[in-house]
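Novice: Input: one structure, supplied below.
The values are calculated or read from the model by the stated rules, or taken from the named source; none is laboratory data. Just so we're clear, the structure is a prediction, and the values are computed from it rather than from any experiment. Here the Cβ is made from the backbone with ideal geometry for all residues, glycine too, and neighbour counts use every protein chain on show.
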Amino acid sequence: MTRCQLREPRWRLAVLALIVATAAGCGAGDAPQAAQAPQSGDVTVTPGPDGVQAVTLVTQDNFRYIPARFIVTPGPVRLTLENPSGTVHNLRYDEGGPEEEIPVVRSAESETIEFTVSTPGKYEFICTFHEQFGQRGTMVVVRS
Ligand SMILES: [Cu+2]
């Protein structure tokens, strides 16, 4: 019976080690994912040869715009929304932002709008289909 009593702790130790290893693996998997979705990764948009500031936002299946934040200066902006995800998305500015909007971008398609910005400030936009999942972004207009 003494033998049996000695074995039990070893068995428990093995299970404990397994749990710890699983938890560590899980943690390691989470870290890159969190780093991959920076809502604050600012992208500064520079004018192309045509003088238009062209920016492309990509929507994946995680209900985020990549980039979720971009910076422009007063002048014309060409915004393209690319949708490689498996669902529809769109883009509409909040009150006070540009009136142009992208009503819908189907899966594997892209849509482009052009507008001119003048007043420095922060202009938020949302995907009206997925606002409840936090799909929103910000255009920052800074003085040139
Ligand atoms: Cu969406």
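Novice: So, in region 86-144, how many residues would count as being within 16 Å of the ligand (Cβ to nearest atom), surrounded by fewer than 17 Cβ atoms within 10 Å (Cβ to Cβ) and of a type in the set (Phe, Trp, Tyr)?
Specialist: Of the residues in region 86-144, 2 are within 16 Å of the ligand (Cβ to nearest atom), surrounded by fewer than 17 Cβ atoms within 10 Å (Cβ to Cβ) and of a type in the set (Phe, Trp, Tyr).
Novice: Also, quick follow-up: Quick check on this structure: which one of THR2, THR87, THR73 is modelled with pLDDT of 95 or more and out of contact with any Phe, Trp or Tyr (no Cβ under 9 Å at 6 or more places or on another chain)?
Specialist: Among THR2, THR87, THR73, only THR73 is modelled with pLDDT of 95 or more and out of contact with any Phe, Trp or Tyr (no Cβ under 9 Å at 6 or more places or on another chain).
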